[in-house]
Amino acid sequence: MGINIEQTRQYYTEIKTEDLCDCDYCKNFYLQVKEAYPLVADYLNALGVDIEKPLETSPLEPVNGMLEYCVCQYVVFGKTSGELVKKIGNVELGVATSYPRTNIQREHFVIDIYPIKLNWIM
Ligand SMILES: [Zn+2]
């Protein structure tokens, strides 16, 4: 397994709430995603990733009280060697090809999960 779970978990432990984006779209995500997508949260947690601490989310606009995030991205340490699952329920998972600068020196990659649909509660 090329993924460094220990380093990944350490990275997420060190991210504080105040390091996260505090726009309403992101807050809406942090507040609900774990409960709404428990299987995705569990899978990410097994990799060391905290689903409530995304590198980036790409929300669309709220429609009828629902908000869809067309992609949510997470940093993972190590290298991927095809061992990631590709689908959890209705949620697809893949290795990101474009994402914001991470400023991380160690070997890492970014995963995409999509789509995530949540109630718009803000
Ligand atoms: Zn935000």
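Bear in mind these aren't lab numbers, they're just calculated from the coordinates by the rules spelled out. Source: prediction; values computed, not measured. Every residue, glycine as well, gets a Cβ built from its backbone with ideal geometry; the counts of neighbours run over all protein chains shown.
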Okay, which of segment 27-67 sit inside 11 Å, backbone N to the point 7 Å along the Cα-Cβ direction of E107?
none
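Which value in deg cm²/dmol, rounded to the nearest 500, describes the helix-derived mean residue ellipticity at 222 nm for the chain, given -39,500 (n - 2.57) per DSSP H run of n ≥ 4 and division by the residue count?
Working: 3 runs with 33 residues, N = 122.
Result for the chain: -8000 deg cm²/dmol, rounded to the nearest 500.
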Report ³J(HN,Hα) in whole Hz for each residue of segment 113-122, in order, from the Karplus equation J = 6.51 cos²θ - 1.76 cosθ + 1.60 where θ = phi - 60°; Gly and Pro get x.
10, 6, x, 10, 10, 10, 5, 8, 10, 8
Identify all lysines with a Cα-Cα distance to K86 below 27 Å; exclude those on the same chain that are fewer than 8 residues away in sequence.
K27, K34, K53, K117
For T80, other-chain or 5+-apart residues with amide H closer than 5 Å (H placed, Pro excluded) are none
In whole percent, what relative contact order does the chain give with Cα contacts below 8 Å and a gap of six or more residues?
30 percent
Under the rule of at least 5 residues apart or a separate chain, name every residue whose amide H is placed under 5 Å from the amide H of N119.
L67
Quick one: which of 61-72, 108-119 comes out on top by average Cβ neighbours within 10 Å, and what's the full order, highest first?
108-119, 61-72
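In nm, what is the difference between 0.36 nm times the number of residues separating V63 and C21 and their Cα-Cα distance?
Numbers: separation 42, 0.36 × 42 = 15.12 nm, distance 2.21 nm.
Length gained between V63 and C21: 12.9 nm.
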